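Structure, as structure tokens:
The values are calculated or read from the model by the stated rules, or taken from the named source; none is laboratory data. Please read all numbers here as calculations on a predicted model, not as lab measurements. Note that we place each Cβ from the backbone using ideal geometry, even for glycine, and neighbour counts take in every protein chain shown. Side chains included, ligands, DNA and RNA excluded: accessible areas come from the protein's heavy atoms. Shrake-Rupley method; radii C 1.70, N 1.55, O 1.52, S 1.80 Å.
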Amino acid sequence: MAPLVLVLAACSGNGPQSALEPGGPIAKDIDGLWDLVFWLATAVMIFVTILYVWAIWRYRERAGDESEPKQAHGNTAIEVGGVVFSVVLLAIISVPTVRGLLDVRAIPEGPDVLQIQVTGHQWWWEFEYVDETAPDGRTLITANELHIPEDTRVNLTMTSADVIHSFWVPTINGKRDVVPGRSSNLTLIADDPTPPGEPIPGQCAEFCGLAHADMRIKLHVHTADSFAAWVEEQLAPSPLPAEGTAAAAGWDTFNAVCTTCHQVTLEDVEGEVVTYGPDRLITGGDVEFRSSFGPNLTHLFSRTTFGSGTFPLDVAHLTQWVDNPQALKPMDPDRNDLASGRVLGMPDLGLDPVEIAQVVALLETWK
Amino acid sequence: MTTTAADQQIIRSPGQRGVWAWITTVDHKRIGLLYAVTAAAFFFIGGLEALLVRTQLFGPDLEVLSAAAYNQLFTMHGLTMVFLVVMPIAAAFTNYFLPILIGARDVAFPRLNAFSYWLFLLAGLLIYSSFLLGGAPDGAWVGYAPLSTQLTEVVRMDFWSIGLQLLGVASIASSANFIATVFTMRAPGMTMLRMPVFAWMSLVVAFLLIFSLPSVAIGLFQLFLDRNYGALFYASAAGGDPLLWQHLFWIFGHPEVYVLVLPAMGIVSEVLPTFARKPLFGYPFVVFAGAAIGFVGFGVWSHHMFTSGMGPLAEAGFGVATMIIAVPTGVKIFNWIGTLWGGKIKFNTPMLFSVAFIAMFTIGGLSGVTHAVVPSDTQQHDTYYVVAHFHYVLFGGAIFGYVSGVYYWFPKWTGRMLNETLGKIHFWLALIGFNLTFGPMHILGLNGMPRRTYRYPDGLGWANWNAVATIGAYIILLAFLVFAWNIVRSHFLAKGERVGNDPWDGRTLEWTIASPPPVHNFDEVPVVHSLDDFWHQKYAEDEEGRAVRMPAVTGGALTVDKKTGGEGDDDGEHLDIHMPSPSYYPALSALGIATLGAGLIYLPWGFFAVGIGGAIMLWGLFGWSLEPVTKEH
Ligand SMILES: [Cu+2]
């Protein structure tokens, strides 16, 4: 039965977050190794099962048989044969394992490599495109939804602002832990662009506390042109809302309350670009990482989801979220301590319904 | 029974009934039963926790449990099953049968044995008291830093670190005891290579624990100091290293896996020959393979950390070492099949569970080999595939082995058989429920479902298999309710068939003595002439090598009288056998240490409890060392 289950695993329809549906060369290599070891293991299982079932069936006690079995004590030739047999099988697996390992772990280098720094937070992801800069020197910072061009080697350099997380988009590569105080690398290469609005899912794979299940990742894969367009759009600041609108009232609230944790880059009527909100750097190994207290909200409405890939980005959900974030996602903001850098989620801000609607109206302008 | 001064002088007054007799007992069999009953209770609690977890995961985005409750329940499920169920059930079998299997009257240090049990029980109760004191540990059983050191103002992870520390002390004490027992208490003629495989595996496990527990003990101390005194061992911002915890934990944690499963392999290696009516095939190879698994098991801990960020060379090394472990494991499996080959197999319930053990363990072993393929493991790590793997090893493996042991040795414990029909119902429900629960988890993991997640969205293709797994979990519950009823019915309602010394036509020394055994086990210390000595007393071999029943076994060391023993009917008094007297000092010492530990959780106010606990502990230890082992003539 269980071998049958394993066979089903190899053949049944898999979901969009399946390691068995590789969408890039690295995941394909890993899947190839899996296939090798899976079929070898299955062959061993079938062999052992046949021996075993035969022994059980053939040598069962039968009614009326009074004879006693022969008292065999062992057979050294069989023992040695068994050992040699298993050593050979394992040698067959170990060679491609070590080769594949060195390939997977190699950090890509060269001018064509897209460098992205990743900071894991309880419970969201921060991405900084360190080589994509605006004329004023700002780098591209976004959260939870990662955008990459197709057929391009992407080097993620990752650290954590708090506890250990693990970055995992199974169709592109295996997972890699994101450890505070260290930097780790993971290479992403995706074969095909994703349809607009249908990013590839992934999620944090190392237990990181309350909302570990809701620390998801969305990966958008673009053609080279559409990636360039996306970068340009993200680097261009949204305008501050015009006076007298609901969004403008929302901005007063946002600037007074939300910028304690969230960054946003905006342009005023004089054309001056200002990034509001906290700017913090942390070190992981010998690398410096951008580390805000909450997701950067610049161009929020260009994303498809919020809450670290957990909720669809629409007015209804956002209104609920701004009203009472913990009703949607389990967090522990009562224990936040910004001075020591401890952030365990978004607190209930105590805004009234009018203020909430104004803030959401503001967010809607950040397309 | 009347207790005279003379009784008090030379025996351990086993006839006393009531709670006090159990608290002061130093009899390895009673301590074994205490371990068994405690482990059974924790098994149902840990199982209930698993059922709640499975209920929450029955469908996408269910709200049966909050995230906070879910995290506590899966943490406690893991902690409970590893430390409060499988380790103590192994300790139960080892306590009860290790001395008997090697022809001894007790373990080397009977009072230390009692101490180990009481400390284990109190540590378990301490950990569980957290549910009533603000919440249970919620950082997973592995307690990775810095998540486990993050919220120092919430004490639940202190329950975890102190509780594990106390359990470790209990395990080290009992391991030293078992090692001393094997090395010094074997009957005349019981050479090492005449010891039953179960005794061998107990010995290997004891060494594994002695060498592995100090590592996690140091880790737990550091973690405790980090949490309570800002020691910063694992605080990266201050130059500490969170990965250090992972190394210290897994240097213990990986050998721990073999601690959990090797005794079950020992049981299977006893059950198969008995029901196939053939000696264990390749006995020295099975023994050596067990020792090799234990030894190599110390060199593979980092395969739990293939995504943590070691260098690729280290990863390659640990990957290959992990593959090497498959070799001795394969040796065991082939020898078990060899034992069945050419036999005459009776499928009583103990045998069914042992047969299933081999099949399920083989699946778990093979899925383990897939983890050694490091790149592939970066996909499987921390997913339900891993959850499936280790449940095939530890449930379909270890637990099935221990259940087999319960059916096998139950008549020795109680003098009554478990019901075969109920046993078979239990077996088939357990086998089907188990595979329904854990088989689909392989698929879920490969399809990207991470473990330790309290909810999952629709649309990732996980809903159906999760529903199947949850249904399977309820079938497992049903199976073990049948088991519980079988035990209650046979023993407590006295409906089990009464049996004599040797209901299975067994091979080893425990079947030579009464069921249940007398307090002193053996009227005369047996003299052992071969492996499976008792079998050779009963059977010779004809020229073809077939077993031939010998006329009757008489006299000598291996007397097969039908005297009912135990419970004061035969206290060995007439044989002038000196057994150690009961003592409450082991329990008192354990109480002192547990109180001290409880105080550490609530520092600084807990220093009062630390002081009181320390005083009780010293009282216990002084009393222990100053009281005479047996009262004087
Ligand atoms: Cu995380």
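Name the single residue, out of those in region A:1-29 being more than 9 Å from every other protein chain (Cβ to nearest Cβ), modelled with pLDDT of 70 or more and part of a helix (DSSP H, G or I), that is least open to solvent (accessible area, probe 1.4 Å). Show your work before the answer.
Let us first name the residues in region A:1-29 that are more than 9 Å from every other protein chain (Cβ to nearest Cβ), namely A:7, A:11, A:22-25, A:28.
Filter again for modelled with pLDDT of 70 or more, leaving A:22-25, A:28.
Next cut, part of a helix (DSSP H, G or I) only: A:25, A:28.
Working: A:25: 52, A:28: 99 Å².
Restricting to residues being more than 9 Å from every other protein chain (Cβ to nearest Cβ), modelled with pLDDT of 70 or more and part of a helix (DSSP H, G or I), the top hit is A:25.
Pairs, please: C-beta under 6 Å, at least 6 apart or cross-chain, first residue more than 7 Å from chain B (Cβ to nearest Cβ) and in region A:164-183, second within 16 Å of the ligand (Cβ to nearest atom) and among the basic types (Lys, Arg)?
Correct list of pairs: A:167/A:176; A:168/A:175.
Results for (1) among the hydrophobic types (A, V, I, L, M, F, W, C); (2) open to solvent by less than 50 Å² (accessible area, probe 1.4 Å); (3) more than 9 Å from chain B (Cβ to nearest Cβ), shown as yes or no for each residue.
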site	(1), (2), (3)
A:75	no, no, no
A:94	no, yes, no
A:102	yes, no, no
A:108	no, yes, yes
A:121	no, yes, yes
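Return the only residue of A:112, A:151, A:136, A:131 being away from the ligand (no atom under 16 Å from the Cβ), more than 9 Å from chain B (Cβ to nearest Cβ) and free of Cβ contacts under 8 Å to residues at least 24 places away in the same chain. Before the answer, list the steps.
On the way: A:112 fails: free of Cβ contacts under 8 Å to residues at least 24 places away in the same chain; A:151 fails: free of Cβ contacts under 8 Å to residues at least 24 places away in the same chain; A:136 fails: free of Cβ contacts under 8 Å to residues at least 24 places away in the same chain.
Answer to the selection: A:131.
Can you tell me which residue within region B:233-247, out of those that are closer than 16 Å to residue B:151 by Cβ and outside any helix (DSSP H, G or I), is nearest to the chain's Cα centre (by Cα)?
In this case the residue turns out to be B:234.
Exactly one condition in (1) in contact (Cβ under 8 Å) with a residue 12 or more places away in the chain; (2) among the basic types (Lys, Arg); (3) within 19 Å of residue A:260 (Cα to Cα) is not met by residue A:335; state its number.
Here residue A:335 clears every test but (1).
Filter region B:110-161 for residues that are of a type in the set (Gly, Ala, Ser) and under 27 Å from residue B:206 (Cβ atoms); which is farthest from the other protein chains (Cβ to nearest Cβ)?
B:114
Given the conditions (1) within 16 Å of the ligand (Cβ to nearest atom); (2) of a type in the set (Gly, Ala, Ser); (3) within 14 Å of another protein chain (Cβ to nearest Cβ), and given that residue A:143 satisfies all but one, which numbered condition is not satisfied?
So residue A:143 meets the others, but not (3).
Yes/no per residue for (1) at the interface with chain A (Cβ under 9 Å from one of its Cβ atoms); (2) under 25 Å from the mean Cα position of the chain (by Cα); (3) at pLDDT below 95:
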{"position": "B:267", "(1), (2), (3)": "no, yes, no"}
{"position": "B:284", "(1), (2), (3)": "yes, yes, yes"}
{"position": "B:297", "(1), (2), (3)": "no, yes, yes"}
{"position": "B:322", "(1), (2), (3)": "no, yes, yes"}
{"position": "B:325", "(1), (2), (3)": "no, yes, yes"}
{"position": "B:330", "(1), (2), (3)": "yes, yes, yes"}
{"position": "B:352", "(1), (2), (3)": "no, yes, no"}
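Does residue B:45 meet the test of being β-branched (Val, Ile, Thr) and surrounded by fewer than 21 Cβ atoms within 10 Å (Cβ to Cβ)?
Details: β-branched (Val, Ile, Thr): yes; surrounded by fewer than 21 Cβ atoms within 10 Å (Cβ to Cβ): yes.
For residue B:45, the condition - β-branched (Val, Ile, Thr) and surrounded by fewer than 21 Cβ atoms within 10 Å (Cβ to Cβ) - is met.
Pick out the one residue from B:461, B:472, B:506 that is in a helix (DSSP H, G or I) and buried (at least 18 other Cβ atoms within 10 Å of the Cβ).
Details: B:461 fails: in a helix (DSSP H, G or I); B:506 fails: in a helix (DSSP H, G or I).
Sole residue among the options that is in a helix (DSSP H, G or I) and buried (at least 18 other Cβ atoms within 10 Å of the Cβ): B:472.
Could you list, in sequence order, the residues of region A:175-200 that are away from the ligand (no atom under 15 Å from the Cβ), assigned to a strand (DSSP E or B) and open to solvent by 10 Å² or more (accessible area, probe 1.4 Å)?
Within region A:175-200, A:185, A:187, A:200 qualify.
Please verify whether residue B:438 is out of contact with any Leu (no Cβ under 7 Å at 6 or more places or on another chain), facing chain A (nearest Cβ under 10 Å), open to solvent by 10 Å² or more (accessible area, probe 1.4 Å) and part of a helix (DSSP H, G or I), treating the condition exactly as stated. Steps first, answer last, please.
Numbers: out of contact with any Leu (no Cβ under 7 Å at 6 or more places or on another chain): yes; facing chain A (nearest Cβ under 10 Å): yes; open to solvent by 10 Å² or more (accessible area, probe 1.4 Å): yes; part of a helix (DSSP H, G or I): yes.
Yes; evaluated as a whole, the condition is true for this residue.
Quick check on my filter: what residues within region B:54-81 are surrounded by 21 or more Cβ atoms within 10 Å (Cβ to Cβ) and either of a type in the set (Val, Ile, Thr) or not in a helix (DSSP H, G or I) (or both)?
Across region B:54-81, the qualifying residues are B:57, B:75, B:80.
Can you tell me how many residues in region A:210-222 are open to solvent by 10 Å² or more (accessible area, probe 1.4 Å) and more than 18 Å from residue B:379 (Cβ to Cβ)?
Initially, region A:210-222 is screened for residues open to solvent by 10 Å² or more (accessible area, probe 1.4 Å), giving A:210, A:216, A:218, A:220, A:222.
Filter once more, keeping what is more than 18 Å from residue B:379 (Cβ to Cβ): A:210, A:218, A:220, A:222.
The qualifying residues number 4.
Within region A:287-299, can one find any residue that is surrounded by fewer than 17 Cβ atoms within 10 Å (Cβ to Cβ) and among the aliphatic types (A, V, I, L, M)? Outline the logic, then answer.
Here is the first cut: in region A:287-299, the ones surrounded by fewer than 17 Cβ atoms within 10 Å (Cβ to Cβ) are A:287-288.
Subsequent filtering for residues that are among the aliphatic types (A, V, I, L, M) retains A:287.
Taking every residue of region A:287-299 in turn, at least one turns out to be surrounded by fewer than 17 Cβ atoms within 10 Å (Cβ to Cβ) and among the aliphatic types (A, V, I, L, M).
Considering A:351, A:313, which residue is within 22 Å of residue A:292 (Cα to Cα) and touching a helix residue (DSSP H, G or I) at 6+ places or on another chain (Cβ under 9 Å)? Break it down stepwise before answering.
Numbers: A:351 fails: within 22 Å of residue A:292 (Cα to Cα).
None of the other options fit; the residue is A:313.
Given the criterion out of contact with any Ser or Thr (no Cβ under 8 Å at 6 or more places or on another chain) and charged (D, E, K, R), identify the matching residue among B:186, B:111. Working first, answer last.
Values: B:111 fails: out of contact with any Ser or Thr (no Cβ under 8 Å at 6 or more places or on another chain).
On inspection, the qualifying residue turns out to be B:186.
Looking only at region A:302-356, which residues are among the charged types (D, E, K, R) and not in a strand (DSSP E or B)?
So the first thing to find is which residues in region A:302-356 are among the charged types (D, E, K, R), and the list is A:303, A:314, A:323, A:329, A:332, A:334-335, A:337, A:342, A:348, A:352, A:355.
Within region A:302-356, A:303, A:314, A:323, A:329, A:332, A:334, A:335, A:348, A:352, A:355 qualify.
Quick check on region A:122-135. Is at least one of its residues in contact with a helix residue (DSSP H, G or I) (Cβ under 6 Å, 6 or more places away or on another chain) and over 21 Å from residue A:298 (Cβ atoms)?
no
Can you name every residue in region B:236-258 that is buried (at least 19 other Cβ atoms within 10 Å of the Cβ) and of a type in the set (A, V, I, L, M, F, W, C)?
Once the filter is applied, which keeps residues that are buried (at least 19 other Cβ atoms within 10 Å of the Cβ) and of a type in the set (A, V, I, L, M, F, W, C), region B:236-258 yields B:243, B:245, B:248, B:249, B:250, B:251, B:252, B:257.
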